[in-house]
Amino acid sequence: MPAILGERRKLRRLGGMVLLLSMALFGSGGAALADRAPALHVITIEAMRYTPQTLEVKAGDTVVWENKDAFPHTATAENRSFDSGEIAADGTWKFKAARKGVFNYVCTLHPTMKATLVVK
Ligand SMILES: [Cu+2]
């Protein structure tokens, strides 16, 4: 048979094996596993505001602050458990929320900017 058909057949067999393997791994506990998979959340900083104002995440999730303003901001926990430092215009800052709690945070450059990160 032409080589290309043989390759296709091999690929199809490989695909079937991968499918069986993932069914074995994730078949029963798939939903529970998905619930626990760390998620990525985005907080937008725009017009001197954090959106959303309150974000609830699960411990282990990652939060990204995206600064869409033309000047720098920070995301600084009032208890100092996290501090982005200056996030440049069009810049981002990523934080892995490991500790549970309610974290009020501010922009140290513009103290009227306030928001809350809840880690459950
Ligand atoms: Cu600011």
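Only the coordinates and a few stated rules stand behind these numbers; no lab work does. What you are looking at is a predicted structure, and each value in this text was computed from that prediction instead of being measured. Glycine also receives a Cβ, built like all others from the backbone with ideal geometry; neighbour counts cover every protein chain displayed.
Would you kindly derive the ³J(HN,Hα) couplings of region 103-109 from the backbone phi angles with the Karplus curve 6.51 cos²θ - 1.76 cosθ + 1.60 (θ = phi - 60°), listing them in order in whole Hz, with x for Gly and Pro?
Each residue of region 103-109 in turn: 10, 7, 9, 9, 9, 5, 7 Hz.
If you take the alpha carbon radius of gyration of region 38-119 and divide it by 2.2 N^0.38 Å, what ratio comes out, to two decimals?
0.97
How about Lys58: which lysines have a C-alpha closer than 23 Å to its C-alpha, ignoring those fewer than 8 places off in the same chain?
Lys94, Lys96, Lys100, Lys114, Lys120
Along Cα→Cβ, 7 Å out, is where each label goes; now give me the distance between the ones at Asp83 and Leu40 in nm to one decimal.
2.8
Fully extended, how many nm does the chain gain between Asn104 and Glu56 (0.36 nm per residue separation, minus their Cα-Cα distance)?
16.1 nm
Length gain on complete extension for the stretch Met48 to Asp90, per 0.36 nm per residue less the alpha carbon to alpha carbon distance?
13.8 nm
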